[in-house]
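Reviewing the structure listed below.
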Amino acid sequence: MGIIDVGIGFMLLITGRPAYWVFTGAIAYWIGGYFAERFALFAGPWNSPFLSLLFATLGIFSALLFHRWAARVAGFIAGGFLVYQMPVALGAQADWATPLYFIIGGAVGLVLLLLSFDFALLVISSLTGATFILRTIHIGNIDQASMFLIFTVFGMIAQYLILQYAKPSPD
């Protein structure tokens, strides 16, 4: 599932805000993978990919039905995800993280999305995309923190440019 995580991470870096259904689908994919690791519903190697893709499909449909509210719920989960997985992506341990920290991170993500949806989703999806990529792969001798910063800034710039070019000109 590593190559799928990297692909989803790059999709989040580029289209996290412009197509927020990708963001909700990616977070739902992570939830499906989490549940597949914890509960073995089916025997065999297809347990995790099947459940992850099922959750991702449900996440995309919920974003298409409930629009920004589904993205805000996904933002809550992404905030908690970042609390647990960002240290791992940067090469540290997340032994200190408890469910309380997950709730605090989720609350921060949700409040940011309620205050400024576009900017907050741009930042959260860039951080989540970089985390998806770097928790799976390690790029040569380059420091993980440097790569995290590069991926995050790339994602923010790419999404900003896509949002600017998607708007009609005032002419």
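Each value in this text was obtained by applying a stated rule to the coordinates, not by laboratory testing. Not measured: the values here are computed from a predicted model. Cβ placement follows ideal geometry from the backbone for every residue including glycine, while neighbour counts extend to all protein chains displayed.
A few comments on the model shown:
- Available extension along the chain between residue 116 and residue 58 is 18.4 nm, counting 0.36 nm per residue and deducting the alpha carbon span.
- Stretch gain in nm, segment residue 145-residue 95, where the contour uses 0.36 nm per residue and the Cα spacing is subtracted: 16.1 nm
- Simple Cβ-charge dipole of the chain, Lys/Arg +1 and Asp/Glu -1, about Cα centre, in debye nearest 20: 260
- DSSP H segments from the chain that extend 30 Å or more along their own axis, Cα-based, with Kyte-Doolittle mean of 1.0 or above: 144-166
- Unit charges at the beta carbon, dipole of the chain: most positive-side option, 30, 121, 64: 64
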